[in-house]
Structures are given as structure tokens and as C-alpha cells.
Amino acid sequence: MAHAVLWPKKAFFYPFGNTPAVCLTNDLPPEESVKALLLGCGDPRHILYTLYSSGADNSFVPRTYDFTCCDVEPAVLARNTLLFSLILDDAPAASIWNIFFHLRLDAESYNLLIKQCQKLVEYAEDLSSWQKSPYGNTVRVCTKLTLAQLRHQWSSYAGVDKYSPGEMQTLRAKFKRASEGQVKKVTTGLRSAGLFAFESLKVVPKHYDYYWKKGVSPCKNMDPATPPHVNPTLAFSLSSEDDLTVHYGSDPLLPFHLAPVLTHVKGGKAPPQEIKPSDLGSAAREQFRNWCSAFKTLVKKEAGSVVVRMFVGDALAFCRALHHCALTTSIQTGAFVKHWSGSEIVLDGGDYRPDALEPAPLSFNVIDTSNLIDHIGLINVLVGAAPLLSRTPSSALFTEAILSSTEDSTTAFTTRLFMEIPIMGLFLGLTPTASISNFTTHSNIHEVLAHRMAGTSGTQFFERLSWKVPYKGDIYALQKDPLVNRPVVFNPTELADILLEIYRKMFADEDSLMNLRRLMQNNSPSEAKFGLSRQALFHYVRATYAGLLKFVKDRTSTDWTVVMDRVTDLIMNDSTLVMGMNNFQDLCCQLHIRGVHTVDHFELSIRQFYHEKPRSRFKYWKEIPKVVCAVMVIPRAALKKLESLPLEKVGTPSMHCDTIGERGGQHAIYASPQFAFGSIEVLASDITGDPKIQIREDAAGWSGTSPLIASWWIPSWNLLLEPKDLKFRLGIKSTPQTSLLIPHLGYELVLHSVNTSDPIAVHILRERPNISNELGKLAESTYGSTFSPTSSSATGATIADVKVNEDRLTKVSTLTIRSNVEDPKAKASLSSGAQLQIAPIGPCTMRVTYPDYQNDISFPFPIDGERARLRIARKSSYLEVVVPLSGNQIAGGYNINQFPVISAAQERALVVWNLHRLHLPRLPALHLTNQSKVEKWLYGHLALMFSDRERDIRERMVEDGEGGNVLVSIKDSLYSILRISADRRGRCAFGLSERARGGIYAMIFVADLRLDLASHTVVADSFILPLTEEFVPTIGQHLGNVSSGLPTIETSAEERSAWMQLLPALTERCRQWEHKKTCEYLEKGKIPLSLDYGTVPICTCGRGIGTEELTKVSLWKPFARYATRMAVSPLFAVSYLDTVAGRFGPMETREAKIRNKMCASCKRPPGKKLHVCKGCEKVCYCSPACQKAHWTVHKPDCRLVQ
């Protein structure tokens, strides 16, 4: 496998989520069926919340939901399945809550749990029995082994009821020790409060303390007595032999959204002066009930509408298994279930066979990876999951990080990447959407502020990213997809230098001098401690790098032999990584078995040392392959060296096997071994020339007495060099942390050593035991499937040629595409010397215009089209377009169309590419009566949508009275709309105006401000009414009635065009209606319909639908039949691109700043000091006469503010 093998004895159990639930379908059109892969899934909060928050139980259009869940901890998926079964059985919601979240159970909940587990054990006797059970249509298993592991968990839970008094006392003692050992002042629950995190600072830790002391989450009117039973579902996990391993930060509040408790929402009471832990517990229970109800309603409404698939095992191994099955249709995948297992992943759950009636998905439009990057690294997650993502405009892969990996966590993402974002985008074909949009609709401002307050002592910074195909938001590039989605061309020398730089960063922990220097530079004990802890997070091994290179090889076009010869030469001669050469043989081996590259010395060395064959383990072999599988049997006593030490001292060190000669030479580390407890059965001995063994795995694992069996791939020539003196060893990686183990393991940190000539303890094989044709199946895993099916045969333009920056090797300088001119008219124009024009028309597309012909050329990444160059070969009839890439603070790219709305594969389904979808009725509406409290949290939150740089730009724009940065202008207008709406208790009408063209061109009616819970921000539930010359006479009288005191948002021509692009996205993102067959978007083939002043940019399909709120305001009622509902929310700066929250505090609206420079009545700049209205202190006048004349207009606003 491609990530480090860790000592597993200290592993925490996460029974429920440690981050608030999110909606997984935010990027999908309502008509698109959901095929979601949840890696490291944890509890089912995202599944339940997705169905609830998207309104799936009451949707205007039916669709199916298929969730594939993977977790290495069997207890997680056993509990999830138990939960689903209880919901489907209509069990009492209170008991379901208790069983899933509480450490201790009342008698009713306990008895229900035991009875339900007994039932599940019976149904799970075999696959057929499970599929015929009441739950078999909804909960499926990917493998028979998974079902057996789930059954084992349920059997353990049910078995507690038959414990002897002594056994029960031991179990209760586990819970007691866990309760007494909890740390104090745990504040991880603040994340669930989102933008009210600081308001919850006192009450959230109290809830945590109560939960761990009493074993239950407090709620209103609950029985104060401690429940009598401990919860069996929390007692059994992979590492729970002696102690309860539930993570010390676990709190039932973490999966839920606490904002509705901490502020006043409609339909609820105002928060009390002092919020109690029971208030939070009650709110969490209510949300849980609503989520469960939505799940049950949808499942029972239509059979098969929801399917949840379970797989117990390693996430990367599962990705490899699914990818192999997709390529070959074989359910024998050649991947092990996990690092510490001897079992192959066989997808024998029934739905992965070629003849399955309802086959399980092997390609997904949603992939959520939880916070796996904290545990196995970002590169591993991307390389493992990317091949499984459907390459459609709506498809998205999500990554999350919780742990800080650098001193400045706001830049941790770019540090984790090891390369520039465009390079990653070209290698993998995916990039973070926010990085090329330059904004996000999800707020993590509370995380940024908390991080700045904590400084280097902060250990957590939550960041969730959405990854998409970078050109799929360009409608022109989509039309050229077979030409765009092809391998990009790299100069082999430049590509090799990029790959070397990645290698150095990936294994920077092996640069001892740099790490020592970094530790010495830390200025405080906390910084030093952080530096040490960061060095302990080793995610990558040479298999990781080889896996990345396999992806790069399959997705680029270059002279790969030249690339790899240079890469391996540079690595061999690299002096920065002290331990680099000790891992070189492992690297070469991993490159070979993945089909990336075979170094010359593999074959040459076998020839050179072939004379040693009679003395080696190859004595009876007819031919010696380049690599073989080494197997070492490790006695249980060797492991006691670590097992006998306190877990806190041992930690989770990285394990490896190595080879070493008698005199310390030939030391080679192999960091990707496979481990299993069991015994060896010899199927064919060495003298046959083709030895074979089988590992009979001990199901007791760590609890048993069987020896540990390690296996790994090794270059054959290693075994010829010193055939009688070579040793195999089991050791741990040397780090500052593991240096504490030197007194117990020796300086080299070795647990066990054995001579390779030992026929009992060492076996050398052509194939790894317990798995057939592993190398053949590994070689079959290619990544060409990530390209368009027709891309290999596409004609008309060559693939993009990448040129990197000479001064900065990992930065792309330009992309070049050669387009062969085949049209006869175009050829004639070229040969006649006609002048050609070139201009950007999309984020990734250039248009070449001939006198009577045009040709669009699209690139795989957003470009800065204004700086494009055109090369013309008139005799040879081809063009070359050379263009730099767009990026942060660079023109072009998605600045051309910042809010794409594009057609999906389904008819009349549209994709909002970079604004998340919302089901407004499920979002709580704010009750904005207490203005001082609103100002306290909302104004500052809205101001922080601007980065510090954008805030400076805004100040200059307001002072100069001119436009400039369109995105900043749009943000400023959104700030005004949201803030003024809050000032007016969430209900206000606005006019979008371009004064130079005649005034207001659209009306916005804000009916409510709602909490966008999962995105930790607010959204205006509003309606848009575009105004045209033809339409205004129809409603002219009514417009006059609302124009008095109407706040107007003045826009430049450039900002007005941006609003025309934004409005279709804002209406589409909250759509609860179907587009008609006569939809204007379809008829005209473009979105928006127009950018011109006085035109309508949106279709009429949603006009008058869901506009009941407008009818509740007498002056707005006449517009209800013409308006379209939309969701207006802030556009936040991207914290890893720009500095955010360096300047904190609310801002005046642009209109207020301009207004305060002139008299509110006569609108003329004053010749003397302005007089401020004493009632509201919001407007100014040049004289008492002007103030008196304006009073009838200002009076409603003034009274509202007061």
C-alpha cells in the first residue's frame, strides 16, 4: 500500500463524527442521481444530513441515492448499520439517540440494543440471509468478509448481556478509567457553533465535561440519575483490549449545528441570558430526529431510493480494488484489505459481478474523504481517489484537514501539496474549485480567527476543499472535451526536475540537517513541541512517490525513459536527504512493480552476481525475476519489546523491514511491508524451483499467540550480493520521537533480525502468499481511463505543451496548443496572408477569428487569454496559441465568467459550478429583533468575506468613486444587501442600478435572512425581478409604490455584467422546480441569456414559483407572479490564497460611505460640515431645511433603526 505502516496498538475509536455534518449533494443538479463514495466515512451524519437538508424526502423530482462507505474500523460500520436498522424498524427516536451517542444506557435503550443486535446476528449468518432481511435492500455489503466482521461486532454487543459479574465489572472499569482520564477544557465542539463559536466558548466545554462525567448528553427534563448500563457499542474496537479507546475529544454535539441555539431563529425562543449544556443537547437531539425522519420517509416512500454499501478495510486499498474492478470487471482485486491483514479484497458482496442485476457504482460523482489527509496524506488521497471520480461538471472530490501541519495553518494546504496548484491540476486533472474561482461560498472564518488567537499552540485548523476538473466550468471547453481531456506534453528534462522537487519535499523529514535547523530556530517551547509533533506525521513512503509517478506517466506525453533516467540519477546523487540512499532500492522496486520504470541495474546486477546463485535462495530456480517477494516470520516475543512499554511512550511509529549485510553494508529499507498474524503452510519447497506458501491467518490477531508474518517486494539482486550473510530485519523509522525507544530497541531501532538463509523464518517467492498475480493486477491499474473515451482519436488540435518557469521549476510558464487548419476557407485565408484575431471567450478557451471563419481552442486549465500569443504557419496550415495560466491575482481564467452555470448530462438539468446548492425551506430563518446582538456577530462576519488585500482595494474604490476589481465590487454589493437587510430585520427591497445607463435594471426583494448551517454563514432568501423597457409599464404603478426610500446598489458597467452572470447561479442554486422544454436557456443555448443593460439574464421557468413570502408584504404582492426565488450569500476570500482576518471588524456599506459625503436630501456635496441625523446617526444633511424636507422619506428608516 502507498502509505506508511504504523504500529497499531495506539489507535483511537471515533464512534461519531468530529466535524459538523455537510450536504454531499451541494454540487449536483436535483435531477442527477447520487453516486457517493465516503472514504474514512465515520458515522452516517453526512448521509442523514444530506437527505434532510436537500429536502430529498419531499423533492419535486425523484432521484436515487447510492452511498458506498469505507472505514478501517469495523465498529464504525457495525454501529452505522445498527442505526439504520433501528430507524427502519421505527424504534423510538430517544432510544436510538441513546444507543448511538451515550456512554451509559437506561434499561429501555439497553434492552432494545441487545434485542436488535441479536436480530442482526441472525440475519447476517450469510450473504443470502442478509440480502433477504428487512434491511438487505437498503444496507448492502461489498464483501462477505465485511459482513462477517459486522456480525462479529453485533455478536460482541449482544454478548455483553451474558457477561458474568466479573466480566461486567471489568467492562465497567474500562468506562470508569476513560471517564476519569479525560482532559479538561476541550473546545472542539466550538466548530459545531460555526460563526457563533466564540459565543459558545463557555457552554460547549461544560457539555463535554457533563457527557464524560455522567455518560449522557444533557437535555431538558431528563432523569438526573446515572443510567445503569454501559454502552456495549463503544466497548469493542480494533484496539480496545484493555481500555476504552473512544477518542478523548468525542462529544455528541460535534456532528450537529449549534447556531440555532445560540441566536434567535423564527419559530423558536430567544436564547436565554445563559445558555446551558441541556439547551445544546436538546437541540442536537431535535436535529437528529429530523435527519432520521427524512431517511425513513425516503426509504419507505420508494424501495431502492437509498442504498448504503459497507466495506471494512483500508481506504486506499479499497480505491485500488474498485479501480481494478472498473478496468477488468474482476472481483479478485489483488489488493489486501489493510496493512495488518493477509486477506485479499474480493468484491463478492453480489453487486460487483459483471452479471449483477443492479450493479454497484465504480465511478462516483461525489467522493468525500473525511479528514483522511491527516492520517495518510493529501497526495495519497488524491492519487487513490481521483481515478474513481466521474469526469463531469458536477462531480466533486472533497478533502478535509483538521490537524495543523505547519506553524501557519492557513497556508498548510499549499505546503501539503508539494507543488504549485496548476502542476497538480495538469497531473491529476483536478484542482480546488476555490483556487481558480478566487472565492468560496463556505466560511471558515471562525477557524482562521481561532487559529490566530491560539498561535503556534493551536493544534487544529479545519479546512474543507472541493476538487473539480478545472476546465469543466467553461462551456466552450466542454464542447471540445475530447480535444481538451488528453495527456499534456512536458519537456522530459523539465518534468524530471519537477518530479525531483516533489521527491525532496515529500521526504523532507529525511533531511536531518534542515529539521535540526528548524527545531533550533523555534523561539518557544510550544513552537519546539509543534515542530517535533509535525515531524512525527510521516505519511509517505516510496510507494507513494511511485504511485504518483504512475499517474503522471499515464496522464502526460513525454519521453518517459529520459524523464526517469534523469530522476533516478538525480536522486542517486542527491545529498540533501541523509537516508535517501537507504530507501533507493525500495523506490526502484516500487517503480518497477507499478510499471513506471525499471532501472538498468536490476538486470545488470543479476548478471553481475549470478555466480552466487548456487549459494543463494535461488539455487533451484531456473530463472531469476527482477523482483521477488520476501517473507519473514517474526516470533511474538520480538513484538513484546514494544507491547510491554506504555502506549504513550511508543505512540504510532512507522514500521519497515530492511536488509543489511554482515558488516553493515547493503542496508536497504523497505517501507511498504504487509503484515498478518498466523502460521505458514508450505505448498511447494525451494527445491521445486518455484516455492509457494500460504498464510493461515489467525483471526485472534493481536489477542492471539501466532507469530507475525511480514512480506514485501525486493530486488532479486539484493539476495545475490551476500547470500549467506544477508539479514532481514523488522524495525521502526528513526525520528525525534522514536529516539526515546533507543534504550529498549538499540540505536538502530530493530525489533527482530534473522539471516536470509534460515529456511523456516525466511521464504523467497515469485508471488506474495494469499493473493494471486498481485503484480499483474497492479500493472493493469492504469489511469488513461480518466481521459475522454474519444480523446485518443480526436483530431484538429494537438495536446497542450507545458513550459515551466526557468527560475521556478514547479511553476508553469505557458501552455501551447497547435491547431491544424483543415477547413478549406480557413486554409485559403492563411495562404492569402489574411490577418487573424485572437481573443479569450471562456475561462480556458481562445477564439481565433479568420475573415470568414472562426476556431475555438480550449486548454485543460484556466488561462490568461489577454496575454496570449499566436504563431501562424501559413504554408504548413497550422496555428500555435501560446498562453500563460491564470491564477490568484492574475487576470483571465474564471474572471471572464466568475459564476458558471452549465448544462449537465441530464436534459434540463443545470450545474452551478462554484456556488453550492441550498434547499432554503430547511434553513432556519433569523429573528432579527435585537439590533445590538445582530451587529455584534453579523457585521463582522460579513466584513470578513474580504481578504485584507481586497479590503484595501475596496477602500481605494470607495475613495476614488470608481470601479476596478469586479469581484471586490460584487462582494461590496453583497455586503450592502446583507447588512442593510439585517438592519431592516431581514426584509428589504433593493434596486440594482447603473446610473449611466438610466438607473435601476433589477429589483431584489429580501424576505428573510437564514442560517446556512453547514457553510457557517448566512443567506438571503430573496427574489429577483429583472426590469426591461417592455416590462416596466406593466408594473410601473407598483414600482412607484416601493421606490420611496428604496436602497439602490450602484454598479458600474463591468459589475452589472458580473451581476448578469451571477443571477442565473443564484436562482439555480435554490431551484425547486423543473426547467421547461421551452426553457430560454435551452432555446438560446447560453447562460446567462444576456449581459446587456435592460435585458433579462435568467429563464422564466421559475417565475412566480415559491414566491408566497412576497404576497405577505402588501407593496411586494403585485410582483410575486413575476419574480424568481434566489439565494444570496457572501463570497468569502480563500484563506490559503490570501491573508484573511488580519484586519477584523465591521465596515460601512459602500452606499453609506458615499452617502455620508453628500446631503441625503439634495444629493449635493456640502460646502460646509454635514449635520448628522440624531435619531439614527446614519444620514447627513447640509442644512436644517434639507433635513426637514427629507423627513417623510427618511422617517421609516429612522424609526426602524431606533
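Could you work out the relative contact order of segment 177-303? I mean the mean sequence separation of Cα pairs under 8 Å and 6+ apart, divided by the number of residues, in percent.
32
Starting from the Cα gyration tensor of segment 934-1063, take the square roots of the eigenvalues, sort them a ≥ b ≥ c, and report rounded, prolate or oblate (rounded when a/c is under 1.5, otherwise prolate if a/b is larger than b/c, else oblate).
oblate
Please calculate how many Å² of accessible area segment 264-419 carries per residue, with a 1.4 Å probe and no DNA, RNA or ligand atoms counted.
Spelled out: the 1.4 Å probe surface of segment 264-419, per residue, equals 32 Å².
Rounded to the nearest 0.05, what FRET efficiency is calculated for SER33 and HIS247 with R0 set to 30 Å and r the Cβ-Cβ distance?
Between SER33 and HIS247 the formula returns 0.30.
For GLY384, what is the net charge nearby, where nearby means another residue's Cβ is under 11 Å from its Cβ and Lys, Arg count +1, Asp, Glu -1?
0
Be a star and scan segment 940-975 for residues whose amide nitrogen sits under 19 Å from the point 7 Å along the Cα-to-Cβ vector of VAL1172.
940
Express the carbon and sulfur contribution to the solvent-accessible surface of segment 1004-1086 as a percent, rounded to the nearest whole number, probe 1.4 angstrom.
47
What percentages, rounded to whole numbers, describe P(r) for the chain computed over all alpha carbon pairs with 10 Å bin width beginning at zero?
2, 9, 17, 21, 20, 15, 9, 4, 2, 0, 0, 0
Just read off the accessible area of ILE1024 with the full protein assembly in place, 1.4 Å probe, to the nearest 10 Å².
0
Order HIS916, HIS1190, HIS744, HIS667, most accessible first, counting only protein heavy atoms with a 1.4 angstrom probe. Each step should come with its number before you reach the end.
Details: HIS916 5, HIS1190 30, HIS744 75, HIS667 50 Å².
Most to least solvent-accessible, the answer reads HIS744, HIS667, HIS1190, HIS916.
What whole-number distance in Å separates the alpha-carbon centres of segment 220-265 and segment 1045-1100?
Cα centroid to Cα centroid, the span is 47 Å.
Can you give me the long-range amide H partners of ARG309? Hydrogens built in the peptide plane at 1.01 Å from N, cutoff under 5 Å, separation of 5 or more residues or another chain.
Residues meeting the criterion, in which the H sits 1.01 Å from N, are PHE67, THR68, CYS69, ARG140.
Before I look further, what does segment 1013-1056 give for accessible area per residue, probe 1.4 Å, in whole square angstrom?
38
Under a 5 Å amide H to amide H cut-off, with H placed in plane at 1.01 Å, what residues pair with SER557 once short-range neighbours are removed?
VAL488, VAL489, PHE490
Roughly what would the spin-label model give for GLU907 and PHE198, points 7 Å off Cα along C-beta, in nm?
5.4
Taking the Cβ of GLY893 as the centre, find all other residues whose Cβ is under 11 Å away and add up their charges (Lys, Arg: +1; Asp, Glu: -1).
-3
Report, largest value first, the span of the C-alpha coordinates of segment 376-491 along each principal axis, in whole Å.
Dimensions of segment 376-491 along the principal axes of its Cα atoms: 50, 30, 25 Å.
Counting pairs of alpha carbon atoms under 8 Å apart in space and at least six apart in sequence, what relative contact order in percent does segment 324-373 give?
Once normalised by length, the contact order is 27 percent.
Name the shape class, rounded, prolate or oblate, that the alpha-carbon gyration tensor gives for segment 223-351, where a ≥ b ≥ c are the square roots of its eigenvalues, rounded holds for a/c under 1.5, and otherwise prolate holds if a/b is larger than b/c and oblate otherwise.
Numbers: a/c = 2.78, a/b = 1.72, b/c = 1.62.
Because a/c hits 1.5 or more and a/b exceeds b/c, segment 223-351 counts as prolate.
What is the Cα centroid distance between segment 700-756 and segment 861-893, reported in whole angstrom?
54
Of the accessible area of segment 145-246, with the probe set at 1.4 angstrom, what percent is carbon plus sulfur?
For segment 145-246, the apolar C and S fraction of the accessible surface comes to 53 percent.
Quick one: in segment 133-191, what % of C-alpha pairs are over 19 Å apart?
Above the 19 Å cut-off, segment 133-191 has 60 percent of its Cα pairs.
How would you classify segment 240-301 from its alpha-carbon gyration tensor, with a ≥ b ≥ c the square roots of the eigenvalues: rounded for a/c under 1.5, else prolate if a/b is greater than b/c, otherwise oblate?
oblate
Around LEU244, which amide H atoms from residues at least 5 apart in sequence, or from another chain, sit under 5 Å from its own amide H, with H modelled in the peptide plane?
Residues meeting the amide H criterion: ALA178.
Find how much the distance from PHE12 to ILE760 grows on full extension, using 0.36 nm per residue of separation minus their present alpha carbon separation; answer in nm with one decimal.
Residue separation times 0.36 nm, minus the Cα-Cα distance, leaves 265.7 nm.
From the phi of every residue in segment 333-341, what ³J(HN,Hα) in whole Hz does the Karplus formula 6.51 cos²θ - 1.76 cosθ + 1.60 yield, where θ is phi - 60° and glycine or proline is x?
9, x, 10, 7, 4, 6, 4, 9, 7
When the accessible area of segment 15-94 is computed with all protein chains present and a 1.4 Å probe, what percentage of it is carbon and sulfur?
In segment 15-94, the share of accessible area belonging to carbon and sulfur is 52 percent.
Give the accessible surface of segment 120-207 per residue, rounded to a whole number of Å², with probe radius 1.4 Å and ligands, DNA and RNA excluded. Before the final figure, lay out each step's value.
Working: 4420 Å² over 88 residues.
That works out to 50 Å² per residue.
Please give the net charge around LYS777, taking every other residue with its beta carbon less than 13 angstrom from that of LYS777, where Lys and Arg add +1 and Asp and Glu add -1.
For residues surrounding LYS777, the net value is -1.
How do VAL261, VAL381 rank by accessible surface area computed with a 1.4 Å probe, from largest to smallest?
VAL261, VAL381
With just the Cα atoms of segment 3-51, tell me how far they stretch along each of the three principal axes, in Å, largest first.
Reported extents, whole Å, longest axis first: 46, 22, 12.
Using heavy-atom solvent-accessible surface (probe 1.4 Å) with all chains present, what is the largest-first order of CYS1162, CYS1099?
Order by accessible area, largest first: CYS1162, CYS1099.
Would you check the accessible area of ASP983, probe 1.4 Å, heavy atoms only, in square angstrom rounded to 10?
30
Evaluate E = 1/(1 + (r/R0)^6) for LEU1091 and GLN479, where r is the Cβ-Cβ distance and R0 equals 22 Å; express this FRET efficiency to the nearest 0.05.
According to the calculation, E is roughly 0.65.
With r defined as the distance between the Cβ atoms of VAL1193 and GLU1054 and R0 fixed at 41 Å, what FRET efficiency is calculated, to the nearest 0.05? List each step's numbers first, then the result.
Values: r = 30 Å, r/R0 = 0.74.
Efficiency, rounded to the nearest 0.05: 0.85.
So what are the ³J(HN,Hα) numbers for segment 931-942, from phi and the Karplus equation (6.51, -1.76, 1.60; θ = phi - 60°), rounded to whole Hz, Gly and Pro as x?
My calculation for segment 931-942 gives 5, 5, 6, 5, 4, 4, 10, 7, 4, x, 4, 5 Hz in order.
Between SER557 and LYS176, what length in nm is gained on full extension when 0.36 nm per residue of separation is reduced by their alpha carbon distance?
Working: separation 381, 0.36 × 381 = 137.16 nm, distance 6.08 nm.
Length gained, SER557 through LYS176: 131.1 nm.
Compute the distance in nm between two label points, each set 7 Å from the Cα along the Cα-to-Cβ direction, one at GLU274 and one at GLN169.
If labels sit at GLU274 and GLN169, their model points lie 4.1 nm apart.
Leaving ligands, DNA and RNA out of it, work out the accessible area of GLU241 with a 1.4 Å probe and give it in Å² to the nearest 10.
Approximately 80 Å² for this residue.
Contour minus end-to-end for GLU1083 and LYS266, with contour as 0.36 nm per residue of separation and end-to-end as the Cα-Cα distance?
Here the segment from GLU1083 to LYS266 would lengthen by 290.0 nm.
For segment 633-660, list residues with backbone N below 18 Å from a point placed 7 Å from the Cα of ASP725 toward its Cβ?
Taking a point 7 Å out along Cα→Cβ of ASP725, the residues of segment 633-660 whose backbone N falls under 18 Å are 659-660.
Name all residues of segment 290-334 having a backbone nitrogen under 15 Å from the label point set 7 Å from the Cα of ALA148 along its Cα→Cβ direction, giving them as ranges.
Inside the label zone: 312-313.
Can you compute the modelled spin-label distance between GLU1074 and LYS875, with each label point 7 Å from Cα toward Cβ, in nm?
6.1
The values are calculated or read from the model by the stated rules, or taken from the named source; none is laboratory data. Everything quoted here is computed from the prediction, not taken from an experiment. Cβ coordinates were reconstructed from backbone atoms using ideal geometry, including for glycine residues, and neighbour counts include every protein chain displayed. Each accessible area value is taken on the protein alone, full model and side chains, heavy atoms only, with ligands, DNA and RNA left out. Shrake-Rupley method; radii C 1.70, N 1.55, O 1.52, S 1.80 Å.
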